[in-house]
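Taking it in order: structure first as structure tokens, then the write-up.
Just so it is clear, none of the values below were taken in a lab; they were calculated from the coordinates. Keep in mind it's a predicted model, so treat the numbers as computed, not measured. Counting neighbours? That spans all protein chains shown, and the Cβs are built from the backbone with ideal geometry, glycine included.
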Amino acid sequence: MKTFIGIDLGSTTTKAVLTDENAEILGRGITNSRSNYDTACRVAKQEAMIDTRLTLCRRELKGDTADDAGKLDELLTRLELGFRLEQFLEQLDDLEQTCRQQITGDRFAGKENAVGEVLTAVFEKLRGEAPAMYAPGGERKSDFFRDIAGSRYLTVAEETAKEAGVPFDLLLNVYDKSIIEVENRPPSDDMRGKFLRSLNAVVKDAPDFGVDTGMVEKAVKAALEVELEEAYLVGTGYGRVTLPFSKEHIRSEILCHGLGAHMMYPKTRTVLDIGGQDTKGIQVDPSGIVENFQMNDRCAAGCGRYLGYIADEMNMGLHELGPLAMKSTKSVRINSTCTVFAGAELRDRLALGEKREDILAGLHRAIILRAMSIISRSGGIADEFTFTGGVAKNEAAVRELEKLVKENYGEVKINIDPESIYTGALGAATFAHRALN
Amino acid sequence: MSTVITTPKNRPDPRDAAKDDSMIKQKEMMARHFDKITDAPESGQKVCATFVPGNLNELIMCFDFANNLPEVNAIQNGLRKKSGQFVMEAEKLGHSEDVCTYVKSDIGMMAKGNLAPNGKPFPDPDVLLLSYTGCFTFLKWFELLREQYKCETIMLHTPYEGDGKITDNMRKYMVKQLKEEVIPKLERVSGVKFDIDRLRENLRRSAKAEDDLVYVLESAKKRPSPIDAYFGGIYYIGPIFGAYRGTEEAIEYYATLRKEIDARIAAGLGPVTPEGPMGKEKYRLVTEGPPNYTNFREFWKMFYDEGAVVVASSYSKVGGVYDYDGFRHDPDRPLETLAEYCLGVYTNRSLPQRVDMLVDYINEYEADGLLINSIKSCNSFSAGQLLMMREVEKRTGKPAAFVESDLVDPRYFSAANIKNRLESYFQMIDQKKAGASIKGAAA
């Protein structure tokens, strides 16, 4: 099967989208960009391949079977979770091995065995916790190995080291030296093995679902057999120039965002993208071709990173900001979208006794006001209007945007795709498809 | 203490290998220009400081002044990577971040010893001649300089072409100022009696060089264009916008340049870039606004690496518009012609006039679109640029784009951001062209 790949190398995350010959999305993959775009690109692509296999399984299974009770969906979810568990355990083993190799040098002298034993206990515990995280309905802090394994490692290692009377900083030291190495190690290629192991586990439970296990096995195996040919690849995003892509394989992210938004919502005429370090206002014609654009200049005030900084200042998680801001009953005016000044304004308002949620609502409004200025310079908002980028997932930002769009441009249909983070990669995949078709 | 890195003298610059005769000639002319000014205390020549737009070089020469142009100094400091420290020095002295960075570079340079590119100090000017007021900052700039030098200051007020034309009243008003204010004061400071025939001779020489300059600028109508009218254009306008207009040297320079361009046309060659001849011409652009000088080569490279050539630019008209409506200095109407020259400077034209000009350039030079480099600290250019962009897009149907930087403040040049926008713009042009050819084939 011919596939077309789009990769968006963003400042925070790297995304990949695979499409088939009909330009239908087969799979999406995302990973943190690290400081290593090469690995990020490879990991995102592999994640998209995994997602593609699941899509192919779904196509095989659902081909001619009605799934009224949603049983096949549940089965596929379990298949994916089983796969993710396998993948997590594989990386956890790698992390353990790498950590062990770091127990050398003067600072470990005489404590090698003690540190080794703590590591054994820590990783045993982490492995033990893993199945629950990947059970249906299980909760994970993030989808990235570094975030999940890192936070649990630090907590468990601190406790275990204390009990064993081993200095925690030694455990911290081996982890710090290992995590980047593990993260940047090319992912193992044993995708098929992991899928089959997961399949075995799922099939074992299959009687509960009341589906034909023979049919499931046959379908999954068939999906894994499909040969995926990489027909054309297009890269975009800030990291694009660091990749060994030739010029014809590179497109500007502005064009990719425009086209990606058009693919998601063909009636799109204006696109707003708020990413980690840029905000873009893009006007597209009815076929998704960019007619005009504006973006933030020189400084990333009011972009995604601004929210990250505010979250740090408030000692909150990035994803907690929106929900808290939604609780606001009055909006506090924040004038500055300068990331640094906003920190000062934030502390000033807190000192004045304003509520955190009200201040946050004001900060979200400040970001959107800045975005509105960029859009207006690109030519305003025309119907339909598609909002993309990481900030589009923030409900408080969306609420402010809806208000301001209505005040300034009247009734406009606003589209936000839950997968909008993949807009640039989808545009790139579409360019890849168009390059050969 | 700051370290200033300078290229040792007498070592041949390897980049000269790729330079044409005209470029080497021009470099020598610039060196002589600065030597003339810094040698003034010894030669006994008096110094007049005046701005590039609307400069009255032909008149100034009638009084034997050496002509020192502060923006040229700021540009030199930008190109030589010195303006950053000067700008910050001026900020230390109390000038705000939003002030024109030419001004701040100048003020900072004065604070740091006021050294010319030849390493010698600039002498204090004997007279400040503000002959163009289309840029309001110039007024304030000279106010600061007057405070510093406590010398004679002459202001020639240039009415703005708000209604899109030069009226008889404007011309008379300016000629009156020349007769009653400017010339008597220049006579007094210099001790030289004004000789109108000498002015006529200077003007005659100006017109001759201007003919060749226009020929060179209009050569960009050819495909491929033998010149880059923005980056290369900066070099081409140097002598005519500065202290050489009205001299034999300028005539020679433009004659040499014209010959070189003719040779390029005959050979079917594109422009010369700092890295040698440009590759295949892929995009033809009209630009609006000044370039960035602190990262001039880096900025230019973003164009020629992509095969983009600028075929016409408004910036190369900032010191006088010669091509668009055929203006030439006219020795038969010496004072009137000086008035018209000042009035016709690009930034003294109304926004509708500027739009007309850009639209006509796009059509006449068969450009693919308009690119605006919006300068953070230059209101003369930046005010109204977005409106102009929309209007030009609407009237030509060609895509336009907007990048932002600054004249000589290196803090406002974000290479990744600008490159991203430029590449997007070039790809937009590709898409437009592809779309047009599909539509064309379908029709």
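When shorter helices are ignored and each DSSP H run of at least 4 residues is given -39500 (n - 2.57), the per-residue value for chain A at 222 nm works out to -19000 deg cm²/dmol.
Among rounded, prolate and oblate, which fits chain A when a ≥ b ≥ c are the square roots of the eigenvalues of its C-alpha gyration tensor, a/c under 1.5 means rounded, and a/b larger than b/c means prolate? Judged from the Cα gyration tensor, chain A comes out oblate (a/c at least 1.5, b/c at or above a/b). The sum of -39500 (n - 2.57) across all DSSP H runs of n ≥ 4, divided by the residue count of chain B, sets its helix-only mean residue ellipticity at 222 nm to -15500 deg cm²/dmol. What does DSSP give for segment A:267-416 in terms of the percent of beta bridges that are antiparallel, rounded to the nearest 5? Within segment A:267-416, antiparallel bridges account for around 60 percent of the total. Put in line by how crowded their Cβ is, counting other Cβ atoms within 10 Å and starting with the fewest, B:ASP368, A:ASP205 read A:ASP205, B:ASP368. Checked against a 26 Å cut-off, the cross-linked pairs B:LYS193/B:LYS317; B:LYS221/B:LYS301; A:LYS330/A:LYS403 give Cα-Cα distances beyond that limit for B:LYS193/B:LYS317. Shielding of peptide B:383-394 by partners, expressed as the average count of other chain Cβ atoms within 10 Å per residue Cβ, is 1. Taking 0.36 nm per residue of sequence separation and removing the Cα-Cα distance, the A:ASN437/A:ALA382 pair yields an extension gain of 16.8 nm.
Here B:LYS112 is the anchor, and the aspartates and glutamates within straight C-alpha reach of less than 12 Å, apart from those fewer than 8 places off in the same chain, are B:GLU89. Taking 23 Å as the limit for the C-alpha separation, the pairs A:LYS406/B:LYS398; A:LYS413/B:LYS376; A:LYS62/A:LYS267; A:LYS406/B:LYS394; B:LYS27/B:LYS81 exceed it in the case of A:LYS406/B:LYS398; A:LYS413/B:LYS376; A:LYS62/A:LYS267; A:LYS406/B:LYS394. Full extension of the chain segment joining A:LYS218 with A:GLU419 gains 69.3 nm, where the gain is 0.36 nm per residue of separation less the Cα-Cα distance. Annotation: the residues B:SER206, A:SER331, sorted from fewest to most other C-beta atoms within 10 Å of their own C-beta, follow the order A:SER331, B:SER206. Using the Cβ-Cβ distance between A:LYS403 and A:GLU163 with R0 set to 45 Å, the FRET efficiency works out to roughly 0.25. Could you compute the net charge surrounding A:LYS413? Neighbours are other residues with a C-beta less than 15 Å from the C-beta of A:LYS413; K and R count +1, D and E count -1. Net of charged neighbours comes to -2. Taking the centroid of alpha carbons for each part, segment B:182-212 and segment B:310-333 are 19 Å apart.
Residues B:THR137, B:THR337, B:THR347, A:THR52, ranked from the fewest to the most other C-beta atoms within 10 Å, line up as B:THR137, B:THR347, B:THR337, A:THR52.
In chain A, excluding the sites themselves, the longest stretch lacking any of the GluC sites (Glu not before Pro) that are in a DSSP loop with at most 12 other Cβ atoms within 10 Å is A:228-410. A cut-off under 14 angstrom between Cβ atoms defines the neighbours of B:SER190, and their net charge, with Lys, Arg +1 and Asp, Glu -1, is 0. Shown here for segment B:15-118: GluC sites (Glu not before Pro) in loop regions (DSSP other than H, G, I, E, B) with at most 14 other Cβ atoms within 10 Å, namely B:GLU97.
Starting from the Cα of B:LYS179, move 7 Å in the Cα-to-Cβ direction to define the label point; list residues of segment B:333-375 whose amide nitrogen is under 13 Å from there. Zone members listed by number: B:334-336. Summarising the strand pairing of chain A, around 60 percent of its internal DSSP beta bridges are antiparallel. Electrostatic bookkeeping for B:GLN431 treats Lys and Arg as +1 and Asp and Glu as -1; over the other residues with beta carbon under 11 Å from its beta carbon, the sum is +1. Summarising the label geometry, the points placed 7 Å from Cα in the beta-carbon direction at A:GLU411 and B:LYS81 lie 6.0 nm from one another. Computed extension gain for A:ASN113 through A:GLU248, at 0.36 nm per residue and net of the alpha carbon distance, reaches 43.1 nm.
Simple spin-label estimate for A:ASP143 and B:SER43 gives 7.2 nm between the two label positions (7 Å along the Cα-to-Cβ direction from each Cα). Looking at segment A:113-153, none of the chymotrypsin sites (Phe, Trp or Tyr not before Pro) sits in a DSSP loop with at most 13 other Cβ atoms within 10 Å of its own Cβ.
Neighbouring Cβ atoms from other chains, within 10 Å of the Cβ of residues in B:422-432, number 6 on average.
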